[in-house]
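So the structure is just underneath, and the comments pick up after that.
The values are calculated or read from the model by the stated rules, or taken from the named source; none is laboratory data. All figures in this text were calculated on a predicted structure; none of them were measured in a lab. Note that each Cβ is placed from the backbone with ideal geometry, even for glycine, and that neighbours are counted across all protein chains shown. For accessibility, only protein heavy atoms count, side chains too; no ligands or nucleic acids. Shrake-Rupley method; radii C 1.70, N 1.55, O 1.52, S 1.80 Å.
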Amino acid sequence: MTPANFSFKEYQPLTLDTAVQLVKHLGYFAEDVPLKVSEIGDGNLNLVFRIVHPESKQSIIVKQALPYAKVVGESWPLTLDRAYFESTFLRKAAEYVPDLVPKVYHFDRLLAITVMEDLSSHQILRQAMIDGNFYPKLAEHIGKFVAQIAFHTSDFYLHPFEKKQLVKDFINPELCKITEDLVFTDPFFDHETNEFPKEILDTVKELWEDNELKREVAILKFQFLTQAEALLHGDLHSGSIFVTSESTKVIDPEFAYYGPIGFDLGQFFANLILNYLSHEAHSTDEQSRERYRTFLVESIEQTWLHFTNEFTTLWHSKGTEIFTKVPGTLETFLAKVWKDTVGFAGCEVIRRTIGLARVADLETIQDEALQHQLKRTALRIGKDLIKTRSQIKHVNDLIRSFAQPQ
Ligand code: SR1
Ligand code: MG
């Protein structure tokens with residue numbers, strides 16, 4: 001029975017009961033079957049319900065945007081439109097990389113809900129990396145994911161009218177503003193959203209007083225604001241990736257918008273770098289630490305390699321823009337993407353260390369002295385990536401910037 005106060009015609013946050021009623025109402029399960037339901041959302045923003053038929057084991061996910069940011073509370077109102085951006089991105093991505101995203105079964109803009117494939121056979125990459133698990137296909141999958149979506153939504157491939165229509169469809173001002181503030185602004189000033197142990201205040205102050213750094217961050221922020229190169233996921237950190245040893249699924253693209261291609265790669269690399277640092281604490285012995293760090297370093301190398309190979313193949317086989325035929329144009333463009341990737345990675349390393357929405361990789365380290373030391377190291381690495389990105393020409397230079405004795 002639908003409670004009298006619940007209507008599928010106006011927005012209301014779902015409860016365990018109404019989530020079940022909804023999937024039955026939509027016809028995914030018969031009215032009379034008993035279902036198991038749990039709220040499993042552990043992200044910063046949304047409700048996520050997993051609904052299972054205990055006998056057949058058939059299961060489904062209902063994700064609903066809340067009208068505020070869950071990580072902060074009702075004092076931070078947030079548009080429900082992000083559910084639209086998420087489902088629209090997932091459907092677009094499925095045109096090019098169907099195996100790398102969850103299937104969307106149903107979207108309702110009014111209720112801000114997406115009904116989608118249950119991926120509970122997978123694990124969130126962030127925790128999986130903290131646990132030291134290996135994912136041999138990760139680099140290939142993420143390189144392919146970024147290259148396929150970026151190329152097929154860029155001016156190198158689309159007719160200019162079609163591309164500009166997509167740019168319009170993905171004008172996502174509220175979610176972009178979060179990134180503009182939390183990634184590109186607040187961490188570089190003494191702002192109330194920052195949080196860090198008082199023991200590292202001296203290092204943080206150095207960062208706030210570094211005007212050369214701030215001028216470079218300003219350039220990166222304005223690139224984020226103005227360079228509509230391709231459709232981006234917009235929040236490609238290790239909490240937005242589900243993995244098994246064979247499969248990778250990119251989730252949570254509610255921050256999707258048209259931006260500089262290096263932003264997605266930069267966020268991904270930054271989160272691998274932070275995990276690399278955190279293994280100073282999480283690995284139990286030197287040998288396993290070295291082995292795991294080798295995996296992380298190779299994942300960065302291979303992601304860039306797969307990205308460039310895939311992008312290059314698409315450029316030559318499907319490029320429609322006349323300048324794709326001019327020798328050297330591709331190399332110049334990829335060099336630009338690389339430089340941006342390094343700079344954006346630097347910003348992400350810094351924000352995940354001292355800003356809002358920090359990462360479990362560092363936050364869960366119990367040895368406080370070690371945690372503080374690693375946070376200082378992370379700030380130094382982030383700063384170097386931003387300031388010296390023009391000299392970091394090759395993926396090996398990037399690796400040298402963080403994979404040296406600490
Ligand atoms: C208020 S949202 C905080 C962060 O969570 C999301 O995953 C994004 O990374 C955002 O910056
Ligand atoms: Mg998210």
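For this structure, a couple of remarks:
- Any hit, the stretch 364-374, residues being open to solvent by less than 70 Å² (accessible area, probe 1.4 Å), under 24 Å from ARG215 (Cα atoms) and touching a residue at least 24 places away in the same chain (Cβ under 8 Å): no
- Residues of the stretch 289-323 satisfying the condition of being open to solvent by 40 Å² or more (accessible area, probe 1.4 Å), of a type in the set (D, E, K, R) and in contact with a Phe, Trp or Tyr (Cβ under 9 Å, 6 or more places away or on another chain): ARG291, GLU310, LYS318, GLU321
- Residue in the stretch 234-246 that is closer than 30 Å to TRP315 by Cα, in a loop (DSSP other than H, G, I, E, B), acidic (Asp, Glu) and open to solvent by 60 Å² or more (accessible area, probe 1.4 Å) present: yes
- Residues in the stretch 358-389 that are more than 18 Å from GLN267 (Cα to Cα) and not in a helix (DSSP H, G or I): THR364, ILE365, GLN366, ASP367.
- For the stretch 77-108, the tally of residues that are assigned to a loop (DSSP other than H, G, I, E, B), open to solvent by less than 40 Å² (accessible area, probe 1.4 Å), of a type in the set (A, V, I, L, M) and in contact with a strand residue (DSSP E or B) (Cβ under 6 Å, 6 or more places away or on another chain) stands at 2.
- Qualifying residue in the stretch 266-282 (condition: among the aromatic types (Phe, Trp, Tyr), more than 14 Å from ligand 2 (Cβ to nearest atom) and in a helix (DSSP H, G or I)): yes
- Residues that are open to solvent by 20 Å² or more (accessible area, probe 1.4 Å), in contact (Cβ under 8 Å) with a residue 12 or more places away in the chain and either more than 18 Å from GLU86 (Cβ to Cβ) or touching a Leu at 6+ places or on another chain (Cβ under 7 Å) (or both) within the stretch 167-193 comprise GLU174, GLU180, ASP181, THR185, PHE189, ASP190, THR193, listed in sequence order.
- For the stretch 9-55, the set of residues classified as open to solvent by 70 Å² or more (accessible area, probe 1.4 Å), within 16 Å of ligand 2 (Cβ to nearest atom) and either farther than 25 Å from TYR68 by Cβ or part of a loop (DSSP other than H, G, I, E, B) (or both) consists of ILE40, ASP42, listed by residue number.
- Test: residue in the stretch 134-157 that is more than 16 Å from ligand 2 (Cβ to nearest atom) and free of Cβ contacts under 8 Å to residues at least 60 places away in the same chain: no
- Extreme residue, modelled with the lowest pLDDT, among residues of the stretch 62-76 that are more than 15 Å from ligand 2 (Cβ to nearest atom) and not in a loop (DSSP other than H, G, I, E, B): GLY73
- The stretch 301-322: number of residues that are among the aromatic types (Phe, Trp, Tyr) and free of Cβ contacts under 8 Å to residues at least 24 places away in the same chain: 0
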